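Since the structure comes first, as structure tokens, the remarks are kept for the end.
The values are calculated or read from the model by the stated rules, or taken from the named source; none is laboratory data. Small disclaimer: the values here were computed from a predicted structure and weren't measured. Backbone-built Cβ (ideal geometry, glycine too); neighbour counts: all protein chains shown. Calculation scope for accessible area: heavy atoms of the full protein, side chains included, ligands and nucleic acids excluded. Shrake-Rupley method; radii C 1.70, N 1.55, O 1.52, S 1.80 Å.
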Amino acid sequence: MSELLVDFITSLDGHASGEGWPGFWGLEGPEYLGWLGEQPEVTYLMGANTYRLMSGFAAGEVPNGQDEFRPEEEASVDELTQAPKVVFSSSLAEPLTWANCTLVRDDAVEAVRAMKSSGSGLLSTIGSLSLCRSLLRAGLVDRFRVVLFPVITGATGAERIYDGYPDVALEMIEHRTFDGRIQLVEYKPRVLEHPPLGVPS
């Protein structure tokens, strides 16, 4: 059975991006980049908006506010291009132009449920906030990982990650600091029907 990881990189105030900021908020360091390079092979899951954005980067479109990609950003996009990707969308047309992408028009929750039961590798989301929210609500997420970058993007932040989420209990299974400033926290999530009645011991 496949394992599903929801994976976010965020500002401290829970934004997935910020207008004018470079990738990784410009704060990635050698420890963090080395850890990224050690990650196991995964099949990435994404929605149409993330596909449009990332495939644009792969085709050479530079993010707003930048003249060119930094080497770290280029390497990240290249790795994504080589990886298998599943795109859930009813609006995109085939064939998808980004390499190694499969378009799925069926309900994303049911499709991922089937992928988990029939597969054996690691599935991981990238971006795609509404997809992640739907998969979490459905109880399909095995691990919820957040890498926190030490910035508050109150004026420029975009894509608030946790808006619309249910209440979720999080059991920590991993934590780590990279380069003396970047925090990784990883949890096993459990969606709650109501707040817990007592305080955990």
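All conditions in (1) farther than 28 Å from residue 152 by Cα; (2) loosely packed, with under 14 Cβ neighbours inside 10 Å; (3) among the hydrophobic types (A, V, I, L, M, F, W, C) hold for residue 42, with the sole exception of (2). Selection of region 17-26 for residues being surrounded by fewer than 16 Cβ atoms within 10 Å (Cβ to Cβ) and in contact (Cβ under 8 Å) with a residue 60 or more places away in the chain yields 19, 20.
This table checks each residue for (1) under 15 Å from the mean Cα position of the chain (by Cα); (2) more than 20 Å from residue 138 (Cα to Cα).
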| position | (1), (2) |
| --- | --- |
| 44 | yes, no |
| 67 | no, yes |
| 73 | no, yes |
| 76 | yes, yes |
| 92 | no, yes |
| 97 | no, yes |
| 102 | no, yes |
| 109 | no, no |
| 113 | no, no |
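All told, residue 141 meets the bar of being touching a residue at least 24 places away in the same chain (Cβ under 8 Å), within 30 Å of residue 170 (Cα to Cα) and touching a Cys at 6+ places or on another chain (Cβ under 9 Å).
The listed residues are 137, 181, and the only one of them that is open to solvent by 80 Å² or more (accessible area, probe 1.4 Å) and in contact with a Gly (Cβ under 8 Å, 6 or more places away or on another chain) turns out to be 181. Does residue 176 qualify as being at pLDDT 95 or above, open to solvent by 40 Å² or more (accessible area, probe 1.4 Å) and not in a loop (DSSP other than H, G, I, E, B)? For residue 176, the condition - at pLDDT 95 or above, open to solvent by 40 Å² or more (accessible area, probe 1.4 Å) and not in a loop (DSSP other than H, G, I, E, B) - is met.
In region 51-80, the residues that are open to solvent by 50 Å² or more (accessible area, probe 1.4 Å) and part of a loop (DSSP other than H, G, I, E, B) form Cβ pairs under 8 Å with partners that are at pLDDT 80 or above and β-branched (Val, Ile, Thr), at six or more places apart or across chains, as follows: 59/97.
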